[in-house]
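Read the structure below first, then the notes.
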Amino acid sequence: MTDSSLPAVFPKKVITDNLEATDPEGVIRELVDLMVSAGTIDAASVDDLVATLLVREREGSTGIGGGVGIPHIKTDLHDTVVGAIGRSEHGVDFNAVDGEPVYLFFLFFVPKDQPDVHLELLRKISSMVRNKLYCQFMRNAKRKGDIHDVLKEFEEQVG
């Protein structure tokens, strides 16, 4: 079983506080490339992962509203959960359910044989971002370490 704590899935090395992308494909590619740079995924799987995420987004946006997007898929390419967080200062049109720009992105991949971990991560992220204070702290963070600190605080408070 994989550690599904938010700080474990999203370590500092896979957090960016300055996404440059301006569209959904760019956001997804930038976050996946960050994961390659951090050594959490293999460069050979990038195109497949990005393509699968884009298909998932076309089937139904993971822009859940409130300035948050949670692009994610189940995959056979990894045997552990891996993820990345990106913050956009200007927001991205991610076809969110509320029609508003998305500023915080939580992208992750879960092994297909771990559906419980998949649901637990979605539950935790959704619970955290429904709390306006956590979102505000993440959006106003001065550095990526501050974003990671919010994850740790949430996990300690709510687990």
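Bear in mind these aren't lab numbers, they're just calculated from the coordinates by the rules spelled out. If you're wondering where the values come from, they're calculated on a predicted model, not measured in any experiment. Heads up, the Cβs are rebuilt from the backbone with ideal geometry, glycines too, and the neighbour counts pull from every protein chain shown.
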Original post:
Rounded to the nearest 500, what is the chain's calculated 222 nm mean residue ellipticity when only DSSP H runs of at least 4 contribute -39500 (n - 2.57) each, over all residues?
Top reply: -14000 deg cm²/dmol
Subject >> GNM top mover of Asn140, Asn131, Asn95 - the chain, alpha-carbon springs below 10 Å >> reply: Asn131
Original post:
What is the Rg over Rh value, at two decimals, for the stretch 77-159, using alpha-carbon atoms and the Kirkwood definition of Rh?
Top reply: 0.97
Original post:
What does the convex hull of the Cα atoms come to per residue for the chain, in Å³?
Top reply: 98 Å³
**OP:** Set the Förster distance to 30 Å, then compute FRET efficiency between Glu89 and Ala44 from the Cβ-Cβ distance, nearest 0.05.
**Re:** 0.40
Subject >> Length-normalised contact order of the stretch 1-141 in % [C-alpha pairs under 8 Å, at least 6 apart] >> reply: 28 percent
Subject >> Above-threshold pairs, the threshold being 21 Å between Cα atoms, out of Lys12/Lys142; Lys112/Lys144; Lys13/Lys152; Lys124/Lys152 >> reply: Lys112/Lys144
Original post:
trypsin sites (Lys or Arg not before Pro) within the stretch 116-159: which are DSSP loop residues with at most 12 other Cβ atoms inside 10 Å?
Top reply: Lys142, Arg143
Original post:
Which GluC sites (Glu not before Pro) from the stretch 1-106 combine a DSSP loop assignment with at most 14 other Cβ atoms within 10 Å?
Top reply: Glu20
Original post:
Between the stretch 96-145 and the stretch 17-78, what's the alpha-carbon centroid distance in Å?
Top reply: 13 Å
Subject >> FRET efficiency, 1/(1 + (r/R0)^6) with R0 25 Å, evaluated for Asp113 and Arg56 via beta carbons >> reply: 0.85
